[in-house]
1. Can you work out the base-10 log of I(q)/I(0) for the chain at q = 0.09, 0.14, 0.17, 0.19 1/Å, using the Debye formula on its C-alpha atoms alone?
2. Just the accessible area for residue 53, please: 1.4 Å probe, Å², rounded to the nearest 10?
3. Give me the extension gain from residue 33 to residue 209: residue separation times 0.36 nm, minus the current Cα-Cα distance, reported in nm with one decimal.
4. So what are the stretch 51-113's ellipsoid semi-axes, whole angstrom, largest first, if each one is the square root of 5 times an eigenvalue of the alpha-carbon gyration tensor?
5. Counting Lys and Arg as +1 and Asp and Glu as -1, what is the net charge of the other residues whose Cβ lies under 10 Å from the Cβ of residue 66?
6. Taking N as the number of residues in the stretch 87-131, what is its alpha-carbon radius of gyration divided by 2.2 N^0.38 Å?
7. Ranking request for peptides 151-159, 86-94: highest mean number of other beta-carbon atoms within 10 Å first, then the rest in descending order.
8. Taking the Cβ of residue 49 as the centre, find all other residues whose Cβ is under 15 Å away and add up their charges (Lys, Arg: +1; Asp, Glu: -1).
Amino acid sequence: IAPYGVFCLMSVLFAEKGLTVLGDLSFYFFIVVSALLLHGFLTYSLLLILFVKVNPFKFYNKIKSLMLFAFSTSSSNATIPVTLRTVVDNIGVNRKIASFTVPLGATINMDGTAIMQGLATMFIASTVGVDLTLVQYGQIVMLAIVTSIGTAAVPSAGTVTLALILGSVGLPLDAIGLILAVDRILDMIRTAINVCGDAAVSCIVGKSEGEFNQEVFDSKN
Ligand code: ASP
């Protein structure tokens, strides 16, 4: 019955706010995708260059099927076996390091989810006409980080825990209906970014522990 529920929630919002909400929603979608891509490709590239001293393009080339798998399942947990195989066989991190960092990362590392939750809260606040204070912005950032850590690595879990952030800054919970229409696609993208972070950080930990095999990384597989 979820599609009917979303339809009802959105009908109320469109009736109250008018069709301009559609334009705002497209803008929200565009901003979240841009922030996710920027984080996924810029932050991790910098970390890889700084701490592992490898070519980030090569890294992304090696994890492209992993990111595709995460994109299609929308679940970091379901992707664990593929992440482990990619990190060990294609990237060259020793299995004893990867079998600790990958499941831990899949459970607590949710950068993509935190980005979505922060932006979704600001979008909902501006749509329902609530002016957030500077302190509330700080609160949203902290809560998005903590909440994303507690989010289960399954499809749409980040949208459920978003309710915690909305509640704590005094925003109406039913406004979540506003973002549900585009959330499925955003979930696919943010899961791919979450998994990319798990692989990148495994690489960094492997390197710092002297358990990173440069030859495997340089190989063609
Ligand atoms: N689907 C995400 C993951 O598994 C969690 C979420 O943001 O909903 O990484």
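The values are calculated or read from the model by the stated rules, or taken from the named source; none is laboratory data. As the structure is a prediction and not an experimental result, all values here were calculated from the model. Every residue, glycine among them, receives a Cβ derived from its backbone with ideal geometry; neighbour counts consider all protein chains shown. Each accessible area value is taken on the protein alone, full model and side chains, heavy atoms only, with ligands, DNA and RNA left out. Shrake-Rupley method; radii C 1.70, N 1.55, O 1.52, S 1.80 Å.
1. Cα-only, vacuum Debye calculation for the chain: -0.39, -0.83, -1.10, -1.29.
2. Surface accessible to solvent at residue 53 totals approximately 150 Å².
3. Details: separation 176, 0.36 × 176 = 63.36 nm, distance 3.38 nm.
Value of the extension gain: 60.0 nm.
4. Numbers: eigenvalues 63, 43, 28 Å².
So the equivalent ellipsoid measures 18, 15, 12 Å along its semi-axes.
5. Details: positive: 62, 64, 85; negative: 198.
Taking every other residue near residue 66 into account, the sum is +2.
6. On the way: Rg = 17.7 Å, N = 45, 2.2 N^0.38 = 9.3 Å.
Ratio of Cα Rg to 2.2 N^0.38 Å: 1.89.
7. Details: 151-159: 20.4, 86-94: 22.9.
Final packing ranking: 86-94, 151-159.
8. Details: positive: 53, 58, 207; negative: none.
Charge balance in the 15 Å sphere: +3.
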